[in-house]
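Student: Sending over a structure as structure tokens; questions will come in a sec.
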Amino acid sequence: MNMHYLTSSYANGIRKALPIRVTRLFDSRLGKPVSSWSWDLGPWGISFTLPRTPWKGFFSQKTPSKKIKFMPSNHEIEVKFQIQDLSELTERLKGQGFRLVTSRTHEMNTLYDLPDAALRSRGALLRLRQYGSKWTVTYKDKPATQGRHKSRREIESAIENGPALAQIFEALGYQPRFTYEKFRTEWTDGTGHLVLDETPIGNFGEIEGSPEWIDAVASRLNISHDQYITLSYSELFAEWKQRTGSQAANMLFAS
């Protein structure tokens with residue numbers, strides 16, 4: 001078979017990015033290209049030809065693409081709800097197939113900001129958290145409303161030395177602005193997370209996952225949409241202070 005090289009438009013695109021020549025074999029007797037491709041990796045002195053099958057039409061045919069919706073791993077979607085009976089809710093979680101991830105653990109949180117409250121003024125926060133013996137630092141953007149749910153970008157990382165990072169924050173001009181503590185228990189059904197928080201102003205749950213999963217779990221646990229809370233703990237604490245007349249500066253358990 002008498003053949004010579006016919007450079008393809010696909011090869012032109014490849015050659016712009018890589019020093020590789022991709023050509024399609026041309027049968028001069030038949031007057032048309034054949035379903036084989038020759039690859040010439042010139043700089044490395046390597047060349048080879050792909051067989052007719054299963055490569056026929058591989059580069060010329062377009063495969064329909066399917067759009068896949070997903071949330072970035074640093075994007076948080078959640079709702080809170082107030083817990084009336086912690087023991088009863090715990091039993092409901094077990095009955096719905098949830099498994100315990102972390103047993104009841106003490107958690108201490110401190111929010112940092114600049115003297116002019118630059119982060120708070122734009123709805124963002126910088127948080128240092130101690131959860132048991134583990135430390136994490138978190139930045140959150142201003143929350144956006146996504147239907148009934150709170151949605152916001154969240155950047156979080158585990159750290160080794162929380163007190164040292166606190167000193168770094170203060171050296172950079174950031175100051176502790178609000179401290180709150182709670183006891184947290186974590187549950188999952190393998191798809192999303194649900195946490196139970198015991199705080200100085202009451203018990204709250206948080207359901208975190210996709211909006212559809214949040215609503216499905218809430219329904220399974222007999223939590224109606226009008227029970228959803230999208231306020232942060234600092235906002236819930238401010239409401240509690242206004243309601244009770246408390247002068248407390250931070251949300252801490254009584255010593």
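The values are calculated or read from the model by the stated rules, or taken from the named source; none is laboratory data. These numbers come from a predicted model, not from an experiment. Glycine gets a Cβ as well: all are built from the backbone with ideal geometry, and neighbour counts include every protein chain shown.
Student: Give the residues of the range 154-204 that are out of contact with any Asp or Glu (no Cβ under 7 Å at 6 or more places or on another chain) and among the β-branched types (Val, Ile, Thr), sorted by residue number.
Tutor: Answer for the range 154-204, where residues must be out of contact with any Asp or Glu (no Cβ under 7 Å at 6 or more places or on another chain) and among the β-branched types (Val, Ile, Thr): Ile155, Ile159, Ile168, Thr179, Thr185, Thr188, Thr191, Thr199, Ile201.
Student: Now, a different point. Among Arg122, Arg153, Arg184, Arg104, which is the only one that is within 19 Å of Leu236 (Cβ to Cβ), in the same structural domain as Ile83 (by TED's automatic domain parsing), in contact (Cβ under 8 Å) with a residue 12 or more places away in the chain and not β-branched (Val, Ile, Thr)?
Tutor: On the way: Arg122 fails: within 19 Å of Leu236 (Cβ to Cβ); Arg153 fails: within 19 Å of Leu236 (Cβ to Cβ); Arg104 fails: within 19 Å of Leu236 (Cβ to Cβ).
Answer to the selection: Arg184.
Student: Report whether or not Ile229 is farther than 20 Å from Tyr112 by Cα and buried (at least 19 other Cβ atoms within 10 Å of the Cβ). Walk me through how you get there before you give the answer.
Tutor: Numbers: farther than 20 Å from Tyr112 by Cα: yes; buried (at least 19 other Cβ atoms within 10 Å of the Cβ): no.
No; evaluated as a whole, the condition is false for this residue.
Student: From the list Thr90, Thr138, exactly one residue is part of a strand (DSSP E or B) and surrounded by 14 or more Cβ atoms within 10 Å (Cβ to Cβ). Which is it? Walk me through it before giving the result.
Tutor: Details: Thr90 fails: part of a strand (DSSP E or B).
The match here is Thr138.
Student: Please report, ordered by residue number, the strands (runs of 3 or more DSSP E) entirely within the range 143-255 with at least 2 residues that are closer than 21 Å to Arg127 by Cβ and more than 17 Å from the chain's Cα centre (by Cα).
Tutor: 175-188, 193-199, 202-208
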